[in-house]
Amino acid sequence: MALRIGCAAPPGNSRNNKTGSWRVFKPIFNYEICTACGICQSLCPDACITLVNEQYTPDYAFCKGCGICANDCSTDAITMVLEEK
């Protein structure tokens, strides 16, 4: 797929663009203290946090590592760690 001027991808292609490779920090979830409140999912700008087996889990293929989930977690169950490549 060729990108348009300004790097704007045509609508409907976001699932084809794995943006996780841009990440410098990644969120690590501590499920022992997570209350599954869903704040992380509702605030994630990339919509990459989903509920799997009653636990919120990030899809690292699309997570850009912005840290919003960790910053707003009320139980501090999410820690941002340096990505190892």
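Things to note:
- Summed over region 60-83, residues that are closer than 13 Å to residue 21 by Cβ and of a type outside the set (Lys, Arg) total 6.
- Residue among 73, 69, 7 that is among the hydrophobic types (A, V, I, L, M, F, W, C) and either at positive phi or at pLDDT below 95 (or both): 7
- Residue selection: residue 40 satisfies the criterion of being at pLDDT 75 or above, in a helix (DSSP H, G or I) and either under 28 Å from residue 77 (Cβ atoms) or more than 16 Å from the chain's Cα centre (by Cα) (or both).
- Checking each residue in region 43-59 for being assigned to a strand (DSSP E or B) and open to solvent by 80 Å² or more (accessible area, probe 1.4 Å) picks out only 51.
The values are calculated or read from the model by the stated rules, or taken from the named source; none is laboratory data. Remember, predicted model here, so these are calculated numbers, not experimental data. Reconstructed Cβ throughout: ideal geometry from the backbone, glycine too, with neighbour counts over all protein chains shown. When the accessible area is computed, the model is the full protein with side chains, heavy atoms only, and any ligands, DNA or RNA have been set aside. Shrake-Rupley method; radii C 1.70, N 1.55, O 1.52, S 1.80 Å.
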